[in-house]
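The structure under discussion appears below in the form of structure tokens.
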Amino acid sequence: MSDRGLELARDKMQDAGVAPAAVDVFSRFYRLLEEGASGLVREDDVDPLTDLPRHADLEVEPGRAAEALSKTAIIKLNGGLGTSMGMDRAKSLLEVRRTADGEALSFLDVIVRQVRAARERTGARLPLVLMNSFRTQDDTLAALAGYDDLAVDGLPLDFLQNREPKLRADTLEPVEWPADPSLEWCPPGHGDLYPALHAGGVVRALLDAGFRYACVSNSDNLGAAPDADLAAWFADSGAPYAAEMCLKTPADVKGGQLVVRRSDGRIIQRETAQTHPDDMDVSLDPTRHRYFHTNNLWFDLEALAAELERTGGVLELPLIRNTKTVDPTDPESPEVVQIESAMGAAVAVFEGATAIEVGRERFLPVKKTSDLLLLRSDVYELTDDFRLVARTDAPLVQLSGTYKTISAFDARFPSGPPSLRGASGLRVDGDWTFGADVTARGDAVLPEPDGGAGSVPDGATITGSGLD
């Protein structure tokens, strides 16, 4: 059964023109999957990662910082469609902020302007290269066409993430879904960065153009702006690889973490999907595991090129088995297995890999509409260099399932987000449509309205007891 499944999957990938390295990576993971590998990292086998250097404590000469940034490239993972928010195009094209004069800015607009501002400030060439998926490439490149000063001579604006077939959970054969054949495919997780870089020749192109370092992050994390001090710290560390880590807060119930493997003292990554249910509570305990992984990474491009060349782009990353339905919007559609890996897991590949503690300002991801509400609100200020700076501690925002899709969310905030600067939290139960100039104070709560749906009047204040 499994041999047939792998053969069918390989044929499907080859017929679709998937890069040979990606086919080889998939085949390796497939064999692990059929052997019953789960990729679980048990708590008894690891120790916490402790005593990291702090970004806030760095003291870098401005000249050294500018020099390091001049050798750095910015790589953004831009393959996400925002399907969890009901989107069917690149999440990075979603409006996230407006300028003081009312111009709507997408994630991609902000990213480009962060890069341009850093170039103007330091004189660095600072190329921006996106890893797109087959579902995001066309729209993204069309949006970038308006920035005629963005490209750096000799370097591409993007390279393409690979794709792989979803497997039927019962047979491990590629699923067939004639209603929408595109749903037969999935991205291989962000661990696909490595075979995609290899297939696209991107690392060699960057080295040939005179760049030595790369900072990689997700396009939905606008906190990961170009940072010259971090570039200098990484360059001076001599490490082949580094991860940015944040201290946990009550909002951090998911996400990867770095731990130290007891058997050899090596730093390894443990994703939520790699955590045994019996270990979940202790893995989330901030008194034991203080940090979570931001998915902001730094690479020495020479070390990365050597490893990609040695392995042909097939880095030995741990398997992540992800079970879903073939149509994410239809829970009755067939159950499938998606084979994934995490790019941060490469920390175990590079001897001498390290990490640094960064502030929360480096981690502002948008995974659901509650995150988007926070970034659009007055909690954050968009600075002249297009960084999002918190004006106060960010409140914990919890929205009911009514607000899950971006269309439903936008329809319920027609006049924009409420003021959240004076709130420690906002929980919205049920279905409420917000008027203009609404303010949340303290631990604000909107209970489920009578009659199925409710309206928050213009100028209203929400407190712990509801509408005042």
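The values are calculated or read from the model by the stated rules, or taken from the named source; none is laboratory data. As the structure is a computational prediction, the values presented were derived from the model and not from experiment. Reconstructed Cβ throughout: ideal geometry from the backbone, glycine too, with neighbour counts over all protein chains shown. Each accessible area value is taken on the protein alone, full model and side chains, heavy atoms only, with ligands, DNA and RNA left out. Shrake-Rupley method; radii C 1.70, N 1.55, O 1.52, S 1.80 Å.
Here are some notes:
- Residue within segment 271-294 that is under 16 Å from PRO240 (Cβ atoms), surrounded by 13 or more Cβ atoms within 10 Å (Cβ to Cβ) and of a type in the set (Gly, Ala, Ser) present: no
- Matching residues, segment 295-322, being among the aliphatic types (A, V, I, L, M) and either surrounded by fewer than 16 Cβ atoms within 10 Å (Cβ to Cβ) or closer than 26 Å to GLU173 by Cα (or both): ALA306, VAL314, LEU315, LEU317, LEU319, ILE320
- Those strands (runs of 3 or more DSSP E) of segment 203-313 in which at least 2 residues are within 21 Å of the chain's Cα centre (by Cα) and of a type in the set (Gly, Ala, Ser), considering only elements entirely within it, cover 213-218, 241-247.
- The listed residues are LEU94, LEU77, and the only one of them that is touching a strand residue (DSSP E or B) at 6+ places or on another chain (Cβ under 7 Å) and under 30 Å from ARG204 (Cβ atoms) turns out to be LEU77.
- Taken together, the residues in segment 351-360 that are assigned to a loop (DSSP other than H, G, I, E, B) and surrounded by fewer than 20 Cβ atoms within 10 Å (Cβ to Cβ) amount to 3.
- Where strands (runs of 3 or more DSSP E) sit wholly within segment 361-443, those with at least 2 residues that are farther than 16 Å from ALA453 by Cβ occupy 380-382, 388-390, 396-399, 423-428.
- Selection status of GLY201, buried (at least 21 other Cβ atoms within 10 Å of the Cβ) and either under 30 Å from VAL326 (Cβ atoms) or not polar (S, T, N, Q) (or both): no
- Number of residues in segment 163-198 that are in a loop (DSSP other than H, G, I, E, B) and open to solvent by less than 40 Å² (accessible area, probe 1.4 Å) equals 7.
- Evaluated against (1) touching a residue at least 24 places away in the same chain (Cβ under 8 Å); (2) open to solvent by less than 10 Å² (accessible area, probe 1.4 Å); (3) more than 18 Å from the chain's Cα centre (by Cα), ALA408 falls short on exactly one condition, (2).
- Whichever residue in segment 129-154 is part of a loop (DSSP other than H, G, I, E, B) and touching a helix residue (DSSP H, G or I) at 6+ places or on another chain (Cβ under 8 Å) and, among such residues, is surrounded by the most Cβ atoms within 10 Å (Cβ to Cβ): THR136
- Answer from LEU160, LEU207, LEU126 - the residue that is among the hydrophobic types (A, V, I, L, M, F, W, C) and surrounded by fewer than 17 Cβ atoms within 10 Å (Cβ to Cβ): LEU207
- Checking each residue of segment 361-372 against the condition of being of a type in the set (A, V, I, L, M), surrounded by fewer than 21 Cβ atoms within 10 Å (Cβ to Cβ) and modelled with pLDDT of 90 or more gives no match.
- Scanning segment 323-344 for residues that are within 18 Å of PHE26 (Cβ to Cβ) and either of a type in the set (A, V, I, L, M) or exposed (fewer than 14 other Cβ atoms within 10 Å of the Cβ) (or both) returns THR323, VAL326, VAL336, VAL337, ILE339, ALA342, MET343.
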